[in-house]
Amino acid sequence: MPILATEEKLDMLKVAPATDYELECVGKLKPRDYEVYLEWSNNVLDEAMEIFTRSGRAMMLISGDCIVSLLSAQGDVANASCGSYLHQVIQPIITKYILKYYQENPGIKEGDIWFSNDALYGGIHNPDEVALMPIFYEGELIAWAGALVHTTETGACEPGGMPVTSKSRFEEGMNFPPIKIGENFRLRDDLMEVIVNAYGMRHPRMLSIDIRARGAAIDRVRTRLQRLAKEKGKDFVVGLIRKMLMVAEEGARRKIMSWPDGKYRSVHFGDAVGFQEGLVRSCYMTLTKKGDKLTFDWTGSSPETPLSYNSHSQSTIGHASNFMYEYIFHDLPIGNATFQPIDWVFPPNSCINPSERAATSCSVMIATGTMSAMHNVFGKMIYCTDEMWMQAGASNANAGNALVLAGLSQWGAPFADMFAYQINSEGQGGLPQWDGGNAFGFPWCIFGRCPEIEYHEVEYPLLILSSQHWKDSCGFGKFRGGSGTAQIWVAYHVPMVFFMSIADNVRLPTAQPLFGGYAPCAVVGISVRNADILEKLARGDKDLVFDFQSFLANKPVKGDWTNEFYARTTTAFNKGDIITIAFSTGGAGFGDPLQRNPELVMNDLRDQLISDWVSSNVYKVVYDPARLRVDYEKTDELRRQEREERKKRGRPYAEFEKEWSLKKPPEEILGFYGSWPDAKVVTPIFRP
């Protein structure tokens, strides 16, 4: 069977045309049927989601970073329970592939369970694995159910499913095109053996349990939908699903029509590819809005990279959908019909549309530029509207820095898992009327949860000394971004553990602010080998303070302190070593910090979200440090002086551009960028 070309995948994202029969079924719906049974579908999908999260094993599943979907018979997502909006985009492609190529051999039958995780066939990256089940009634296919979650281990060249060293897709472990792994409502033992054990899985139990959890979730959707068909008739179910698709498209077009026509552009950069530092233009986005249509064009983004920081076209669209559903289409049914009025343009052989052999397991890291650009282009477009200006928020943290621990647990079981706490506690971007939420969640999955620290410690050989908001991690502004978090990790219980991390934004945050705000902080990799922390804990040393800033400033733990790039290849740590400071970054700021209410600055000081230095030097607030009372007269004068200084520093744009266009970064950091400054291919990549 063929591997899908970009154009075919984009075409499969479009909703299949309604048949005469479907339109007839829609016409039979009575008043209020749609509203009542849309909510019925929400409840069914939420029920299946609860089963899903309670049945699985991976940390990302337990934390709710997943999706359960209801699809039409033609393979379009009509509604979903999230979880992660990222995953709704890919299911139509995979389902339509099955419908197009597997109707006769091996055939599509009641009780089938299909499985896929390969981005060449429509996936995000190979840790994101989906199970799909066709739903029949009286022998006729009427719908599909899907369940997808990031299951960390894939048997790749590094543990955790997202290797930063992989140079091609063949080093990334398990990559399955759509394959039937179950028949007659039972998983096939032979294929499960292949999936779980053929790729050298470091955590086979997790993979096996999560596949069964997907099966339990989609089967619950099936039983509920078949019961509805029995009670209300097949025509009712078919009409309801098509109506969901129609309402989603109509709602999207109505929203788009209300925004001003024009072109809006945002350019974003990363500072690393895999474990290697270097500048990459991860997103050069031009949004064109005309009438009730949008066109996104990524022409100008850097060429595909030689490591795993590449994102196939549908994965890039999935990352755009995170913003769309969180801020723009939040009141519409979740599905690809909302994208019907949207076209997508991807330059070939780019980091957001690479060649077939490219490594893409870390696609989420290169696509952070797209996520951040969505905030900026929409902020510029909708802030002037009457209805949606309050949705024009600054970028969420959109860091996605992922930490993986692997080895043999204190229970004697092999494991390799990505921890959900730090990615599920990133800061939200500032909004037009209020601050972003502190540790609000994972921008890929705003409904995800931070697992209890005790859960991490019980499951894995880890001691977490502290967990707190990270002071000054937020982007400052009239309304600041939300704060991120920081944890101190210590290897515990076992002689050795293995650690790796996937990251960028060490020197250059991907997220950009809006309307005069500040970008959030960058992150650094800190570890302490040969640490005496366990001995100090055993003695109860009084100088051992776990406040994050004090810990770094005073270094109460002796050992070999290291400050390195946050993305790190797999490394062994001995018992008692401080493995890392687990950071989550803050959100970007909205508006000029000099316009921030000084009392809000004092509140942030009381909550230890910002430092005295930021209060004085960024917000220009004069206050009594003992009582945190503002001197408004001196504050107004200091802010007036700063505005005058800004005018003196300012230059006409033409003068600035003339000088700026002559600047060029050092050659040693342009290896991933492409030609300067237009980011075109310089040397084609040879992949082993």
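Below, the figures for the structure above:
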| quantity | calculated |
| --- | --- |
| Restricting region 48-81 to residues that are touching a Pro at 6+ places or on another chain (Cβ under 8 Å) and of a type in the set (V, I, T), the residue that is nearest to A416 (Cα to Cα) | I62 |
| The listed residue being surrounded by 19 or more Cβ atoms within 10 Å (Cβ to Cβ), in the same structural domain as L403 (by TED's automatic domain parsing) and within 24 Å of the chain's Cα centre (by Cα), out of P461, P451, P513 | P513 |
| Candidates L61, L45 - the one that is farther than 23 Å from M246 by Cβ, crowded, with 24+ Cβ neighbours inside 10 Å and under 22 Å from the mean Cα position of the chain (by Cα) | L61 |
| From the options G369, G400, G407, G379, residue that is at positive phi, modelled with pLDDT of 95 or more and either touching a strand residue (DSSP E or B) at 6+ places or on another chain (Cβ under 9 Å) or of a type in the set (F, W, Y) (or both) | G407 |
| Residue satisfying condition, being within 30 Å of A402 (Cβ to Cβ), touching a helix residue (DSSP H, G or I) at 6+ places or on another chain (Cβ under 9 Å), modelled with pLDDT under 95 and small (G, A, S), within set A588, A567, A582 | A567 |
| Test for I446: is it assigned by TED's automatic domain parsing to the domain that holds G517, modelled with pLDDT under 95, touching a helix residue (DSSP H, G or I) at 6+ places or on another chain (Cβ under 9 Å) and of a type in the set (A, V, I, L, M) | yes |
| Top-ranked residue of region 145-185 - restricted to ones that are among the charged types (D, E, K, R) and in contact with a strand residue (DSSP E or B) (Cβ under 8 Å, 6 or more places away or on another chain), ranked as modelled with the lowest pLDDT | E153 |
| Enumeration of residues in region 477-510 that are closer than 28 Å to A392 by Cα and surrounded by fewer than 24 Cβ atoms within 10 Å (Cβ to Cβ) | K478, V506, R507, L508 |
| Odd one out for V149 among (1) surrounded by 23 or more Cβ atoms within 10 Å (Cβ to Cβ); (2) touching a helix residue (DSSP H, G or I) at 6+ places or on another chain (Cβ under 9 Å); (3) over 24 Å from S321 (Cα atoms) | (3) |
| Some residue of region 479-487 being of a type in the set (K, R) and at pLDDT 90 or above | yes |
| All positions within region 187-223 that are outside any helix (DSSP H, G or I) and touching a helix residue (DSSP H, G or I) at 6+ places or on another chain (Cβ under 7 Å) | L187, M201 |
| Residue in region 576-585 that is out of contact with any Leu (no Cβ under 7 Å at 6 or more places or on another chain) and at positive phi present | no |
| Segments classed as strands (runs of 3 or more DSSP E), wholly inside region 453-525, with at least 1 members that are over 20 Å from Q608 (Cβ atoms) and of a type outside the set (A, V, I, L, M) | 485-491, 496-502 |
| Strands (runs of 3 or more DSSP E) contained in region 545-585 and holding at least 1 residues over 21 Å from I423 (Cα atoms) | 560-564, 568-574 |
| The listed residue being out of contact with any Ser or Thr (no Cβ under 6 Å at 6 or more places or on another chain), of a type in the set (V, I, T), in a loop (DSSP other than H, G, I, E, B) and within 27 Å of C445 (Cβ to Cβ), out of V15, V44 | V15 |
| Contacts under 8 angstrom Cβ, first residue in region 454-479 being of a type in the set (F, W, Y), partner assigned to a helix (DSSP H, G or I) and at pLDDT 95 or above, 6 or more apart | F476/P593; F476/V614 |
| Which numbered condition W114 misses (of (1) out of contact with any Phe, Trp or Tyr (no Cβ under 7 Å at 6 or more places or on another chain); (2) in a loop (DSSP other than H, G, I, E, B); (3) within 20 Å of M192 (Cα to Cα)) | (2) |
| Checking N117 against (1) crowded, with 24+ Cβ neighbours inside 10 Å; (2) in contact with a helix residue (DSSP H, G or I) (Cβ under 6 Å, 6 or more places away or on another chain), the condition it does not meet | (2) |
| Test: residue in region 404-414 that is of a type outside the set (D, E), farther than 27 Å from C82 by Cβ and within 23 Å of the chain's Cα centre (by Cα) | yes |
| Test: residue in region 112-130 that is touching a residue at least 40 places away in the same chain (Cβ under 8 Å), farther than 23 Å from S84 by Cα, of a type outside the set (S, T, N, Q) and in contact with a strand residue (DSSP E or B) (Cβ under 9 Å, 6 or more places away or on another chain) | yes |
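Yes/no matrix, rows are residues, columns are (1) at pLDDT 95 or above; (2) surrounded by fewer than 16 Cβ atoms within 10 Å (Cβ to Cβ):
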| position | (1), (2) |
| --- | --- |
| N597 | yes, yes |
| N603 | yes, yes |
| D612 | yes, yes |
| V622 | yes, no |
| P625 | no, yes |
| E657 | no, yes |
| S661 | no, yes |
| V681 | no, yes |
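Residue-wise test of (1) modelled with pLDDT of 95 or more; (2) in a helix (DSSP H, G or I); (3) under 30 Å from P348 (Cβ atoms).
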residue: Y21; (1), (2), (3): yes, yes, no
residue: A48; (1), (2), (3): yes, yes, no
residue: I51; (1), (2), (3): yes, yes, no
residue: L71; (1), (2), (3): yes, no, yes
residue: A78; (1), (2), (3): yes, no, no
residue: K96; (1), (2), (3): yes, yes, yes
residue: P106; (1), (2), (3): yes, yes, no
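The values are calculated or read from the model by the stated rules, or taken from the named source; none is laboratory data. Computed from a prediction, not measured in an experiment: that's the story for all the values here. As a convention, Cβ positions derive from the backbone with ideal geometry for all residues, glycine included, and neighbour counts pool all protein chains shown.
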